[in-house]
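To keep things clear, I will list the structure first and then write my remarks on it.
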Amino acid sequence: PKEQGDVAKEATKLVDYINNPTEEAAKLRGFMFAQYLGGSMAAGLVNMTQPVLMTFPYLSQFGVKNSASHMASGLKDVSNWFINKDVKDADLQHALTVAQNRGITAPQEIFQMIAAAQGSTGSFYGHKFMRMWGANFAMTEAFNRVLTFAAAYRIGREMTAGALNKAGAKDVFEFAERAVEDTQGIYNKGNR
């Protein structure tokens, strides 16, 4: 009977900790992020698999061949976007600019993780170093988001208003935005 009481107390403490986490070991967590995720080339390369492992299956529900074609076109769009912010398709160019300004295609998750890790640096140069250290992960995240947005936007333009509505979007832009949210690990989606 004594062991059962101990287990119940430990379980209660665990549930309380999960519901109300504390900030112990914040510096250790910041260091672990910086070492194993933010500055890791391997983590950046693994992050680049998101379009293949998440975006393509998501967009395939709207046609496999069509999705593959638009993902391939999206690769060209991404390179043009990152090199000179110029995409041949004027409508897509405008949509990407709006998406960037609204933070849809910005690498948000990495900046949130860097902010948590920066709690352990304490200096101006420490903050600069942490941003530089996580740059490869931020670049791959931005690549993933722009590629997903561009491919989804092209697919959305081919859909009827009824099909967009059925997909939960009121227009093509919202369809592309939802594709980014649903495939790029954005967990705080606001008031949807």
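A cut-off under 13 angstrom between Cβ atoms defines the neighbours of Met159, and their net charge, with Lys, Arg +1 and Asp, Glu -1, is +2. 3J(HN,Hα) along region 82-95, derived from phi through the Karplus expression 6.51 cos²θ - 1.76 cosθ + 1.60 where θ = phi - 60°, amounts to 6, 6, 9, 6, 10, 10, 4, 7, 4, 5, 5, 4, 4, 4 Hz, with x in place of Gly and Pro.
Sequentially through region 170-181, phi angles give Karplus couplings (6.51, -1.76, 1.60; θ = phi - 60°) of 8, 8, 5, 4, 5, 4, 5, 4, 5, 4, 5, 4 Hz, Gly and Pro residues having no value and appearing as x. Packing here is the average count of other Cβ atoms within 10 Å per residue, and on that basis the peptides 85-98, 147-160, highest first, run 147-160, 85-98.
Counting only protein heavy atoms and using a 1.4 Å probe, the accessible area of Leu28 comes to about 100 Å².
The values are calculated or read from the model by the stated rules, or taken from the named source; none is laboratory data. Since this is a predicted model, take the numbers as computed values, not measurements. In this analysis, Cβ positions are derived from the backbone assuming ideal geometry, glycine residues included, and neighbour counts consider all displayed protein chains. These accessible areas exclude ligands, DNA and RNA; they are computed on the full protein's heavy atoms, side chains included. Shrake-Rupley method; radii C 1.70, N 1.55, O 1.52, S 1.80 Å.
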